[in-house]
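Single-structure report; data block below.
The values are calculated or read from the model by the stated rules, or taken from the named source; none is laboratory data. All values reported here derive from a predicted model rather than from experimental measurement. Cβ atoms come from the backbone with ideal geometry, glycine included; neighbour counts cover every protein chain shown.
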Amino acid sequence: MTEITNIPYFKIDKSEHHNVSARTGVIITSHGEIPTPAFFPVATQGTVKSLSSSDITDIGYKAFISNAYHLSLRPGIDSIKSLGGLHKFINWEGAIATDSGGFQIASLARNVQVSDEAVTFRSHVDGSLKHLSPETSIRIQEEMGADIIMAFDQPITYGAEKLDLKIGMQRTHDWLIRSITAHSGASLLYGIIQGGTYKDLRTESANFIDSVRGIQGIAIGGLSLGEPKSVLWDMVDVSTDLTSPNLPKHLLGVGSPEDLVEGVGKGIDTFDCVLPTRVARKGSLYTQFGRINVTNSKYRVSNEAISNTCACYTCKNYSLGYLNHLFRANELLAYRLGTIHNLSFIYRLMEDLRGSISSGTYIDFRNNFMDSYQSVDESVRTEQKRLWAINQDQKQQDFE
Ligand SMILES: [Zn+2]
């Protein structure tokens, strides 16, 4: 095993060895330190939906992830710069990561034309014609003042032809070299491993990312797009095994409780995912035994909290009966209270994971968690993903 060397912006405190790669550390940014493993809540439009930045601070988070593509279309980079940059605009003193927008262009924009040079597309916001290249994507993320930025990549949807995946992967590699050249060095730049669910392509991509100089972190992309869990973890294993243990590793788009526990054991340092906040807004709330649906009539007269082991603002102050009413009445407070609880649950889970690694008991923690936590059935998960994809299509049609 390669010797671990601490680098100035990522210090590894403790790593386990007995067949697990779990480790604790700290990512040092110009907006504070992020203890790892950590989860980044998603603030696509510069807000974690229904929460203020102080709500995020109160829960304990040191960082969230926003989206350069969305913010560059609306309100636009000039607006954000004139209002003092992203941190001031949002009123957030912690760290901000930004996604480059490759994924959103693929999923949201209309009339997308991809060449080796750049992506040309029609904005889903106002229909105007836009160009985004590795150079402009890096410039936008840096001018916003993000602390952790992603190289511009071309993710390919799950189930695509292998040849298309290979072309997308090679383009992602070429664009990484251009992203590194465009990068000023004020932020931490992460290169992204692609290659879909093909082991040979993942291997090639991981080897390539590991060979380049000038990146400060490694992101694993193009997963959690509908593939079976076993395939997801095989691809993560390839990606982490073949890349330097010294760099922080980010797993894009993965964030169910059981996946966070599993991913940490594979040496992932940070995660981001819309799942905990998206399901919260539907009344699906986390407990140590699994997700409960608070709209279920059995909670109508319950005076209990969502979880008696949770000390979040929602659980300290409100009963399941009240939450059941808010969700059934479509009251706006339901979104806020549900989101605070789910993000608190995930925050505490990451804290517990860090504690278990520090005390050398990660495997026990994982086994106990998996024994008590009832995961959402694979078929239900796939169906939810399918309905979400239809909803995304519908949003575009509504715009048109
Ligand atoms: Zn709670």
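Computed values, structure above
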{"quantity": "Residue, farthest from the ligand (Cβ to nearest atom), within region 319-341, restricted to residues that are within 21 Å of ILE59 (Cα to Cα) and surrounded by fewer than 18 Cβ atoms within 10 Å (Cβ to Cβ)", "calculated": "LEU332"}
{"quantity": "Which listed residue, of SER302, SER256, SER356, SER344, is polar (S, T, N, Q), within 16 Å of the ligand (Cβ to nearest atom), surrounded by 17 or more Cβ atoms within 10 Å (Cβ to Cβ) and at pLDDT 95 or above", "calculated": "SER344"}
{"quantity": "Which listed residue, of ASN324, ASN308, is outside the structural domain of PHE40 (by TED's automatic domain parsing), out of contact with any strand residue (DSSP E or B) (no Cβ under 7 Å at 6 or more places or on another chain) and modelled with pLDDT under 95", "calculated": "ASN308"}
{"quantity": "THR136, sole failed condition from (1) assigned to a helix (DSSP H, G or I); (2) without any contact (Cβ under 8 Å) to a residue 24 or more places away in the chain; (3) over 25 Å from VAL42 (Cα atoms)", "calculated": "(3)"}
{"quantity": "Count of residues meeting criterion [touching a strand residue (DSSP E or B) at 6+ places or on another chain (Cβ under 8 Å) and not hydrophobic (A, V, I, L, M, F, W, C)] in region 103-126", "calculated": "8"}
{"quantity": "Condition met for PRO75 (over 21 Å from LEU275 (Cβ atoms) and part of a loop (DSSP other than H, G, I, E, B))", "calculated": "yes"}
{"quantity": "Qualifying positions in region 113-126 - exposed (fewer than 14 other Cβ atoms within 10 Å of the Cβ) and farther than 17 Å from PRO75 by Cβ", "calculated": "GLN113, SER115, ASP116, GLU117"}
{"quantity": "Residues located in region 174-207, provided they are in a helix (DSSP H, G or I) and farther than 12 Å from MET235 by Cβ", "calculated": "ASP174, TRP175, LEU176, ILE177, ARG178, SER179, ILE180, THR181, ALA182, GLU204, ASN207"}
{"quantity": "Which numbered condition THR314 misses (of (1) away from the ligand (no atom under 14 Å from the Cβ); (2) farther than 30 Å from ILE12 by Cβ; (3) crowded, with 22+ Cβ neighbours inside 10 Å)", "calculated": "(1)"}
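Every residue, every condition in (1) over 23 Å from GLY253 (Cα atoms); (2) in the same structural domain as VAL48 (by TED's automatic domain parsing); (3) over 22 Å from the mean Cα position of the chain (by Cα), yes or no:
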residue: SER79; (1), (2), (3): yes, yes, yes
residue: PHE89; (1), (2), (3): yes, yes, no
residue: ALA95; (1), (2), (3): no, yes, no
residue: PHE103; (1), (2), (3): no, yes, no
residue: ALA118; (1), (2), (3): yes, yes, yes
residue: ILE156; (1), (2), (3): no, yes, no
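Let's see how each residue does on (1) touching a strand residue (DSSP E or B) at 6+ places or on another chain (Cβ under 6 Å); (2) surrounded by fewer than 21 Cβ atoms within 10 Å (Cβ to Cβ); (3) in contact (Cβ under 8 Å) with a residue 24 or more places away in the chain; (4) within 23 Å of LEU275 (Cβ to Cβ):
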| site | (1), (2), (3), (4) |
| --- | --- |
| ILE156 | no, no, yes, yes |
| ASP174 | no, yes, yes, no |
| GLN194 | no, no, yes, yes |
| VAL231 | no, yes, yes, yes |
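To keep it simple, each residue is scored yes or no on (1) farther than 25 Å from GLU258 by Cα; (2) not in a loop (DSSP other than H, G, I, E, B).
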{"position": "PRO155", "(1), (2)": "no, no"}
{"position": "ALA160", "(1), (2)": "yes, no"}
{"position": "THR172", "(1), (2)": "yes, yes"}
{"position": "LEU223", "(1), (2)": "no, no"}
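Listed here are the residues, each with its yes/no results for (1) under 21 Å from TYR190 (Cβ atoms); (2) in contact with a Lys or Arg (Cβ under 6 Å, 6 or more places away or on another chain).
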site: ILE27; (1), (2): yes, no
site: GLY32; (1), (2): yes, yes
site: GLN45; (1), (2): no, no
site: LEU51; (1), (2): no, no
site: ALA97; (1), (2): yes, no
